[in-house]
Amino acid sequence: MRDLLALYEEVVRALDARELTRAAARRVPPPAQGGRLVVFGLGKVAAEMVEAARGPADEAILVVPQGAPAPPGTRVLRGSHPLPDASSLIAGEALLAAAASLSEQDSVLLLISGGGSALAEAPHPDLSLDDVRAVNQALLHSGAPIEEMNCVRAHLSRLKGGGLARALYARGVRRGRALVAVDVPLGGVRAVSSGPAIGDRTTCADALALARRYSLPEPATRVRETLKPGDPADFIEHEAICDLRSPAVEAARRSGARMLDSPVRGTVEAFAERLARERGFVCASGELEVRVPPGAPHGGRDQHLALLMARVLRGDPRAAFLAAGTDGRDGPTSSAGARVDGSTWEEAERRGLDPAKALAAFDAARVLHALGLAIPERHTGAHAGDLFLLSR
């Protein structure tokens, strides 16, 4: 298991957002004479992106989670994740206000990574913070894939779904570029942090259909249309600096592991069944879906998958498995993920931890922490989804 953990750490270092951003940031259009280059950062690793991209004369406003760095000379706001709170509303309004302060001589660089859908929010006037939180809580427990969650979120927001691009365009800004750390399996740069600066292909009808499908609370039906591709305000070129394949590509390159088709998606249970058929040393990356039962304790999909794999691997003395987020966090828990081997399941039973009951109750974190197999949470500076490593 130590070898898998060491490989995970190597991959995380290789995907540090500073290194990935540095070269791409050179292609930002300069401001006109008398104008400014203003940097907007949003997401879990936006601080690292800003550190790499920002010049000494640039102005910058940054929205990041608690624990992220605060680059000197940058206006830093901290929002909440995975549920927005009052600080998220302050951050969202601050981004829109900053956009409204610019002029046609100015140029903008947007640095976007995952997590921004909760970190910054500016709901439409008929929605309260309680409304937004209720919808987001229901989405998080629904089992919906992230692109569907973001479709609903975008149609309830003045910031998401191209709202920030609209605000910039209204001030005459025409020079801009966005660098994006993609952490979603579908939708690419348009889907990250609910696409604040790019046209949205989904519609109000799509959002309403999802609200019905997942029985979302009534505020989810108060939708407004988003910016569409081809609209004049959809003027900001977006470039991906990494995506959900990147962790598996790095792991395979560094270890010789066989890479499964990535990014993987679907449910954690279906992926565990697929992994049960694999032999040798394999790697994959992506983001999986999980349906959280009512009343479940705080848990993470990677720890849930790890305990599922402990059941698959039990009795195999050569087997080991790791699932962990490249951002160093597995949902609303104190862990980045977990590692297990062929003895984990029987050891959990021997200690009276009842791993089968834990799986049914989405309580894997309790078992894995008790066994010392959880990987401690930390801010890594990377954000490219989850890495999965299997050796057997």
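The values are calculated or read from the model by the stated rules, or taken from the named source; none is laboratory data. The structure displayed is predicted, hence computed values, not measured ones. Because the Cβ atoms are built from the backbone with ideal geometry, glycine has one as well, and the counts that use them run over all protein chains shown. For accessibility, only protein heavy atoms count, side chains too; no ligands or nucleic acids. Shrake-Rupley method; radii C 1.70, N 1.55, O 1.52, S 1.80 Å.
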Subject >> Neighbourhood charge, 13 Å Cβ-Cβ cut-off, centred on Arg78 and excluding it, Lys, Arg +1 and Asp, Glu -1 >> reply: +1
Original post:
When the Debye formula is applied to the Cα atoms of region 1-149, each taken as the same point scatterer, what base-10 log of I(q)/I(0) results at q = 0.10, 0.13, 0.21 Å⁻¹?
Top reply: -0.42, -0.68, -1.26
**OP:** Return the ratio Rg/(2.2 N^0.38 Å) for the chain, where Rg is computed over Cα atoms only.
**Re:** 0.99
Original post:
Which chymotrypsin sites (Phe, Trp or Tyr not before Pro) does region 179-273 hold that lie in a coil by DSSP with at most 16 other beta carbons within 10 Å?
Top reply: Phe235
Original post:
If we count every other residue with Cβ under 12 angstrom of Ala240's Cβ, Lys/Arg +1 and Asp/Glu -1, where does the sum land?
Top reply: -2
**OP:** Provide the percentage of antiparallel DSSP beta bridges, counting only those with both residues in the chain; round to the nearest 5.
**Re:** 40
Original post:
Stretch Thr203-Ala100 to full length: gain in nm at 0.36 nm per residue minus the Cα-Cα span?
Top reply: 34.5 nm
Subject >> Amide H contacts under 5 Å for Ala178, placed H, 5+ residues apart >> reply: Leu110, Glu237, His238, Glu239
Original post:
Which of the trypsin sites (Lys or Arg not before Pro) found in region 238-276 are in a DSSP loop and have at most 13 neighbouring Cβ atoms, other than their own, within 10 Å?
Top reply: none
Subject >> Neighbour net charge for Asp261 - beta-carbon separation under 13 angstrom, K R +1, D E -1 >> reply: +3
**OP:** Over region 13-88, average the accessible area per residue using a 1.4 Å probe and give it in Å², no decimals.
**Re:** 43
Original post:
Where the centroid of each part is defined by its Cα atoms, how far is region 40-73 from region 78-123 in Å?
Top reply: 12
Original post:
How large, in percent, is the carbon and sulfur part of the accessible surface of region 287-392 at a probe radius of 1.4 Å?
Top reply: 47
**OP:** Would you mind classifying region 225-296 by shape? Square roots of the alpha carbon gyration tensor eigenvalues, ordered a ≥ b ≥ c; an a/c under 1.5 is rounded, otherwise it is prolate if a/b is larger than b/c and oblate if not.
**Re:** oblate
**OP:** Post the alpha-carbon centroid distance, region 178-226 to region 248-314, in whole angstrom.
**Re:** 26
Subject >> region 56-134 - Debye-derived log10 I(q)/I(0), Cα point model, q = 0.16, 0.18, 0.20, 0.25 Å⁻¹ >> reply: -0.63, -0.77, -0.92, -1.24
